[in-house]
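The values are calculated or read from the model by the stated rules, or taken from the named source; none is laboratory data. This is a predicted model, so every value here is computed, not measured. Cβ atoms come from the backbone with ideal geometry, glycine included; neighbour counts cover every protein chain shown.
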Amino acid sequence: MANIVAIVGRPNVGKSTLYNRLTESRKAIVDDFSGVTRDRHYGQAEWVGKRFTVIDTGGFVHGSDDVFEAAIRDQVLIAIDEASAILFVVDATTGITDLDDEIADVLRRSSKPVFVVANKVDSAKQTHDTHEFYSLGLGEVYNISSMTGSGTGELLDELVKEL
Ligand code: GDP
Ligand code: MG
């Protein structure tokens, strides 16, 4: 499949919220794709006339912390293999965690384009310092709110250039 965008990141950063926003008007198609695998959801999205498939990873991860981290790492490796571009979601309200660092280490070794997405910046008035996410070593940081949609247009403009 061409034009696949994978959403990766640790739990609770807002991956599924972003996925739902990107695939919002295409629920019927999402249903066709869901269940392809147990822990990955596929949906269709479109931006400025460009269509792409979005993968939401890590929805059904269970087990101990070790199993949990290994499962996230597996999802990141699959994403690197399968996707044309990767949205690496981090949480602007918590800053960088150890798990963020681990995921970033894996992503830095890939040749696929990675977009660092600092989520939960709900309004322009909010002053979360997302500057620290540049230290992940993955380039530009895109401040967005998956909840309100703030900043997602700028992100998508850049994303579709890679598709
Ligand atoms: P996932 O585990 O990475 O898939 O994260 P979810 O999409 O399930 O979201 C985790 C929590 O963060 C939920 O309570 C969401 O409502 C919340 N959340 C997601 N996006 C935003 C956002 O842009 N702003 C705020 N304030 N909360 C958000
Ligand atoms: Mg989720």
Restricting attention to region 129-149, and to residues there that are surrounded by 18 or more Cβ atoms within 10 Å (Cβ to Cβ) and not aliphatic (A, V, I, L, M), which single residue is nearest to ASP74 (Cα to Cα)?
PHE133
ALA79 passes all but one of the listed conditions (1) touching a Pro at 6+ places or on another chain (Cβ under 9 Å); (2) assigned to a helix (DSSP H, G or I); (3) surrounded by 24 or more Cβ atoms within 10 Å (Cβ to Cβ); the exception is number (1)
Please work out if THR57 is within 14 Å of ligand 1 (Cβ to nearest atom), among the polar types (S, T, N, Q) and modelled with pLDDT under 85.
yes
Inside region 104-144, the number of residues satisfying the requirement of being assigned to a loop (DSSP other than H, G, I, E, B) and under 14 Å from ILE86 (Cβ atoms) is 8
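Only one of THR130, THR97, THR93, THR152 is hydroxyl-bearing (Ser, Thr, Tyr) and in contact with a helix residue (DSSP H, G or I) (Cβ under 9 Å, 6 or more places away or on another chain); which?
On the way: THR130 fails: in contact with a helix residue (DSSP H, G or I) (Cβ under 9 Å, 6 or more places away or on another chain); THR97 fails: in contact with a helix residue (DSSP H, G or I) (Cβ under 9 Å, 6 or more places away or on another chain); THR93 fails: in contact with a helix residue (DSSP H, G or I) (Cβ under 9 Å, 6 or more places away or on another chain).
Step by step, each of THR130, THR97, THR93, THR152 is checked, and only THR152 is hydroxyl-bearing (Ser, Thr, Tyr) and in contact with a helix residue (DSSP H, G or I) (Cβ under 9 Å, 6 or more places away or on another chain).
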Name the one entry in LYS125, LYS112 that is over 21 Å from HIS41 (Cβ atoms), basic (Lys, Arg) and either surrounded by 14 or more Cβ atoms within 10 Å (Cβ to Cβ) or within 14 Å of ligand 1 (Cβ to nearest atom) (or both).
LYS125
